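Some notes on the structure that comes next.
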Amino acid sequence: MSVFRELAEPAHLHDYLGVGHDANAQRTRWVVVLTAIMMVGEIVAGYATGSMALLADGFHMATHAGALSVAAFAYGFAKRHRFDPRYSFGTGKVGELGGFASALVLALIAIGIGVESAIRLAQPVPVNFGDATLVAILGLIVNLVSALLLKGSDHGHGHGHHHDHGHAHGHDNNLRAAYVHVLADALTSVLAIVALLSGRYLGWVWLDPIMGIVGAVVIARWSWGLMADTAKVLLDTSDPHLVEEILENVETPGDARVVDLHVWRIGPQAHAAIIAVKGSIGSSGVRERLKSVHEIAHLTVEMV
């Protein structure tokens, strides 16, 4: 017999997946299909033409297809288990775990491309520039279509986080990871095209592996940013702006003092808070003062 039981209050179910969860999952699945199809074509063409930049793009897509599949799996797992009582605060952070895994894959990709490009720079090989360029252009088109599929969602524009008082906005780092993978593919496609055209018309054969190294550095930076942001959520790092807002709302009237406070993110658009308050306002008074802090989806109050 399970030690878990269903709660009597339906409103207490911990469903913090975010309003765009299903739409984001569908977009991600479409991008997985497109990426898988294109990566086969680019790898085959890269070997046939001898282009390192094209091979880099193709192997990028191969690993990205796997990482994007992880993102798609994370969406499915989170939804299937969102009411599972084993997960104390729901499955809203499954996407962060998927995003962190994707960031690790990106880092490995960057290392692999950088090493292989350095080898090709030291030991150049013949390249069929014409055919390789056509395939790279096709790859770029697929990347742009994939980016459009993911555009318009909260994939975390840029690499920073901004706090909007009074709104339950948040970034879906699982979708952001998928978007960064697509951007990485698009970048390597552009670099491959530039290198191939330069090699064909200017004779700059050395530019092909150089572009591979440049791409590796940029992708490594993206990977680090994504890894840092998802790690913060996985390690329950508090948002200082949200903490400040909670303290201000509770303590400003002067009849209460917060003696302990824990705030952490439990989903793309939701935070949980445990607050211990000393004063005469009572638990209901604390909850009333925090009603305007819409980011808090799960609140526990202790009067001391």
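The values are calculated or read from the model by the stated rules, or taken from the named source; none is laboratory data. None of these values were measured; they are calculated from a predicted model. Virtual Cβ from ideal backbone geometry, glycine too; neighbours counted across all protein chains shown. Surface areas here come from the heavy atoms of the whole protein model, side chains and all, with no ligands, DNA or RNA. Shrake-Rupley method; radii C 1.70, N 1.55, O 1.52, S 1.80 Å.
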Separation between the residue 131 and residue 69 pseudo-spin-labels, each 7 Å from Cα along Cα→Cβ, expressed in nm?
2.8 nm
Once you put a point 7 Å from the Cα of residue 259 and another 7 Å from the Cα of residue 118, both along the Cβ direction, what distance in nm separates them?
5.7 nm
Students often forget the sequence filter, so: which lysines lie under 16 Å Cα-Cα from residue 93 once same-chain residues fewer than 8 apart are removed?
79, 232
For segment 240-304, give the share of DSSP beta bridges that are antiparallel, in percent and rounded to the nearest 5; count only bridges with both residues there.
60 percent
A correct Kirkwood calculation over the Cα atoms of segment 182-293 returns a hydrodynamic radius in Å of 18.2 Å
What ranking of 237, 188, 252 comes out by heavy-atom accessible area, probe 1.4 Å, highest first?
252, 237, 188
Gain on full stretching of the segment that runs from residue 197 to residue 238 - 0.36 nm per residue minus C-alpha separation:
9.9 nm
Excluding residue 70 itself, calculate the net charge of residues whose Cβ lies under 14 Å from the Cβ of residue 70, where each Lys or Arg counts +1 and each Asp or Glu counts -1.
+1
Report, for segment 172-304, the % of DSSP beta bridges that are antiparallel, rounded to 5.
60 percent
Spin-label model distance (nm) - residue 47 vs residue 30, 7 Å beyond Cα toward Cβ
3.2 nm
Give, in nm to one decimal, the length gained when the segment between residue 23 and residue 40 is fully stretched (0.36 nm per residue of separation minus the Cα-Cα distance).
3.4 nm
What is the sum of charges around residue 302, taking Lys and Arg as +1, Asp and Glu as -1, for the other residues whose C-beta is under 11 Å from the C-beta of residue 302?
0
